[in-house]
Amino acid sequence: MPGAIWSRYLSDDGTTTGNKSAIGDYSGAAEEWYLEAAAGQRLHVHRLLIGYEDAGGGTAEEYGNIGSALTNGIELEVRDEDDVVEMDLTDSVPIKSNGQWAVVCHDAQRKDWGAGDDLYTVRWTFAKAGDDILLQPGWKLVVKLNDSFVGLVSHYFLAQGHY
């Protein structure tokens, strides 16, 4: 499928059937959500869309509206087929708050419709930093979580690109 576009949620096992909703308690041990390029596949990742929903009223200093910043934060990496980190996309500075998403990728906002939950949306367009991310066969785009996200209503990571 050269040139065909794709859109996939990162999951806890890297497959399309794995758990895609990252709202558990991962404070005891880091958990990873990832997308892996299959054998014979080259994935060009154009962007990563992050969406999380929570009760209204979150601030820039907390994550969602869970009452505080994250303790350990969220890290994003690109790893090769041997699980070696090829790119540390957060440069060893994990995302710990709503406001920090805007620092690393600029496009971050809270959507408030006046009643009910708020939705936080983040768009990380990799080409804005120079080029797409290329995942060779066996390479992964990894999101590492090492905090409790139990207070969130939803928490998803959607990668999009072309083959």
Seminar exercise, completed: Counting only residues in the range 119-144 that are buried (at least 20 other Cβ atoms within 10 Å of the Cβ) and more than 24 Å from residue 38 (Cβ to Cβ), the one farthest from the chain's Cα centre (by Cα) is identified as 120
For this session: Determine whether residue 60 is aliphatic (A, V, I, L, M), part of a loop (DSSP other than H, G, I, E, B), at pLDDT below 95 and more than 21 Å from residue 161 (Cα to Cα).
Result: yes
Problem set entry | Which numbered condition residue 29 fails, given (1) in a strand (DSSP E or B); (2) over 22 Å from residue 120 (Cα atoms); (3) out of contact with any Asp or Glu (no Cβ under 7 Å at 6 or more places or on another chain) | (1)
Seminar exercise, completed: Just one listed residue, out of 71, 16, is touching a strand residue (DSSP E or B) at 6+ places or on another chain (Cβ under 8 Å) and exposed (fewer than 13 other Cβ atoms within 10 Å of the Cβ), and it is 16
Exercise. Restricting attention to the range 91-129, which residues are among the small types (Gly, Ala, Ser), free of Cβ contacts under 8 Å to residues at least 60 places away in the same chain and not in a strand (DSSP E or B)?
Worked result: 92, 97, 99, 102, 114, 115, 129
For this session: Taking residue 71 as meeting all but one of (1) without any contact (Cβ under 8 Å) to a residue 24 or more places away in the chain; (2) part of a loop (DSSP other than H, G, I, E, B), write down the number of the exception.
Result: (1)
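The values are calculated or read from the model by the stated rules, or taken from the named source; none is laboratory data. This structure is a prediction, so every number in the text was calculated from the model and none was measured. No Cβ is skipped: glycine too gets one built from the backbone with ideal geometry, and neighbour counts run over all protein chains shown.
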